[in-house]
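Reading through the structure tokens given below for one structure.
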Amino acid sequence: MSKNICFIDGLEGILKYREIDINQLVELPYDAVSYLLILGELPVDQELAEYSSRLHGEREINREVMDIIRMCKLNIDSMEALRTIVSFISQFDPDINDSSPEGNLRKAIRLIAKIPTIVAVYYRMANGKEPLPPDRSLSHGANFLYMIRGSKPSQLEAEVMEKDFILSAEHELNASTFSSRVTASTLSDLYSAVVSGLCTLKGPLHGGARSEVMNMIEEIACPENAEEFILEKIAKKEKIMGFGHRVYKTYDPRGMIFKQLSRQLAEAKGDMHWYEIAEAIENTVIRELVEKKGKPIYPNVDFYSGVIYKYMDIPPQLATSIFAIGRVSGWIAHCFDQYEKKKIIRPRAFMLDEC
Ligand code: SDX
């Protein structure tokens with residue numbers, strides 16, 4: 001596999017997976033982008049049909065897994081349930097000890113297919129509802145929304161969910177991907193590497209920021225309150241969730257696409273409320289931190305994605321798990337790359353000073 005998994009130009013705001021710009025990728029089905037990341041090339045029609053069919057065929061989870069999900073506490077963040085269950089399901093994978101590329105691909109397909117089902121089953125059980133079996137006729141995004149809601153989403157919602165998974169799928173050596181790669185570098189199995197990624201994604205400085213954004217928007221309640229709320233946070237030197245990035249020193253290109261999508265959803269629903277609060281937050285942060293203080297603190301991938309979830313009635317408890325549903329393809333692409341190297345990652349402690 002010669003093409004780099006990911007390219008980021010943090011000054012120009014450019015992002016590519018396998019040399020294809022994110023603005024093009026976002027028009028494809030999630031399955032095609034997942035295939036691209038993991039296998040290195042975009043699939044032709046026949047390859048995509050086969051890959052999707054394999055994913056659809058692996059969506060179900062067995063009775064024992066359902067029972068363990070039922071034992072999770074009902075009021076926890078779904079990431080806590082997800083990391084536990086992904087660890088638990090590895091014992092049912094017949095390829096767990098097969099580290100050949102073919103064995104690893106079969107495990108990858110099972111992980112990508114089952115993670116949305118685990119999240120949806122936990123969510124429905126936590127809300128006193130019967131879990132629903134996956135619907136094989138639906139895309140990755142539409143099926144996930146169907147499994148949490150019990151009704152098929154509109155075409156726009158299904159498209160937005162697919163795009164959300166694509167925008168979340170990969171971002172070079174972010175903290176969770178680094179964790180996954182370190183685990184894979186010891187030649188540990190793919191489930192262990194994905195659990196490492198899940199544990200790291202969960203923190204509020206990384207994927208956990210998404211649910212914090214949703215809580216912030218809820219707390220602000222109306223656009224007129226946004227300015228005072230943000231000014232107070234800045235005065236107290238608190239971080240504003242969904243803003244800033246270690247690599248981007250300009251607008252995150254994913255943030256820009258998420259902003260357009262959230263506007264599209266707001267207009268389609270005839271309700272600009274959440275969008276206007278978000279825009280009022282963004283305008284205040286840009287005026288106070290970018291224009292007055294010269295700090296490159298723009299919306300990142302977690303800001304307008306939180307707004308999208310508000311419009312799709314997705315609760316904050318699911319926000320980071322949804323990030324994980326998309327990101328698992330990126331983690332796996334990096335693990336495969338790392339397995340080929342057969343070299344352990346072992347930095348020296350002094351390097352931490354540069355982090
Ligand atoms: C993701 O790495 C990736 O690629 C991650 C990710 C991915 O796809 O995998 O893009 C996903 O994790 C997005 C980030 C989600 N996190 C948040 O939204 C939490 C809020 N943001 C931050 O805490 C922060 O911006 C980070 C963690 C994202 C980046 O941190 P850095 O690069 O270590 O920056 P820093 O904390 O050292 O801050 C540098 C300066 C400071 O000011 P000074 O002390 O220099 O005066 O910028 C300020 C900070 O106070 N700053 C912020 C801010 N982020 C940075 N000020 C207010 N609000 C913020 N959000």
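The values are calculated or read from the model by the stated rules, or taken from the named source; none is laboratory data. Everything numeric here is computed off the predicted structure, so don't read it as measured data. Positions of Cβ are backbone-derived with ideal geometry, glycine not excepted, and every protein chain shown enters the neighbour counts.
Being surrounded by 19 or more Cβ atoms within 10 Å (Cβ to Cβ), among the aromatic types (F, W, Y) and not in a loop (DSSP other than H, G, I, E, B), is that true of even one residue in region 190-200?
Yes, region 190-200 has at least one match.
Quickly run through region 190-217 and pick out the residues that are among the aliphatic types (A, V, I, L, M), within 9 Å of the ligand (Cβ to nearest atom) and out of contact with any helix residue (DSSP H, G or I) (no Cβ under 7 Å at 6 or more places or on another chain).
Of everything in region 190-217, those that are among the aliphatic types (A, V, I, L, M), within 9 Å of the ligand (Cβ to nearest atom) and out of contact with any helix residue (DSSP H, G or I) (no Cβ under 7 Å at 6 or more places or on another chain) turn out to be L205, A209.
Where the second residue is among the basic types (K, R) and the first is surrounded by 12 or more Cβ atoms within 10 Å (Cβ to Cβ) and lies in region 40-68, which pairs have Cβ atoms under 7 Å and are six or more apart or on separate chains?
G40/K3; G40/R18; H56/R136; E58/R110; E58/K114; R59/K114; I61/K114
Can you tell me which residue is surrounded by the fewest Cβ atoms within 10 Å (Cβ to Cβ) among those in region 142-162 that are on the phi < 0 side of the Ramachandran plot and in a loop (DSSP other than H, G, I, E, B)?
S151
Considering each residue of region 267-298, count those that are in a helix (DSSP H, G or I) and surrounded by fewer than 21 Cβ atoms within 10 Å (Cβ to Cβ), and give that number.
15
Only one of (1) assigned to a helix (DSSP H, G or I); (2) over 15 Å from F323 (Cα atoms); (3) of a type in the set (A, V, I, L, M, F, W, C); (4) under 18 Å from the mean Cα position of the chain (by Cα) is not met by L173, so which one is it?
Unmet condition: (1).
Okay, residues lined up against (1) modelled with pLDDT of 95 or more; (2) assigned to a helix (DSSP H, G or I):
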site: I314; (1), (2): yes, no
site: T320; (1), (2): yes, yes
site: A324; (1), (2): yes, yes
site: S329; (1), (2): yes, yes
site: K343; (1), (2): yes, no
site: P347; (1), (2): no, no
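Could you grab me the full set of residues in region 37-69 that are under 20 Å from A81 (Cα atoms), part of a loop (DSSP other than H, G, I, E, B) and among the β-branched types (V, I, T)?
I61
Here are some conditions: (1) more than 8 Å from the ligand (Cβ to nearest atom); (2) in the same structural domain as P116 (by TED's automatic domain parsing); (3) under 24 Å from A278 (Cβ atoms). A226 meets all but one. Which one does it not meet?
For A226, the exception is condition (2).
Any residue in region 138-145 that is within 16 Å of the ligand (Cβ to nearest atom) and more than 27 Å from H334 (Cα to Cα)?
Within region 138-145 (the criterion being within 16 Å of the ligand (Cβ to nearest atom) and more than 27 Å from H334 (Cα to Cα)), the answer is no, since none of the residues qualifies.
Select from region 279-329 the residues that are of a type in the set (A, V, I, L, M), within 17 Å of V119 (Cα to Cα) and more than 12 Å from the ligand (Cβ to nearest atom) and list them in ascending order.
M312, I314, L318, I322, I325, V328
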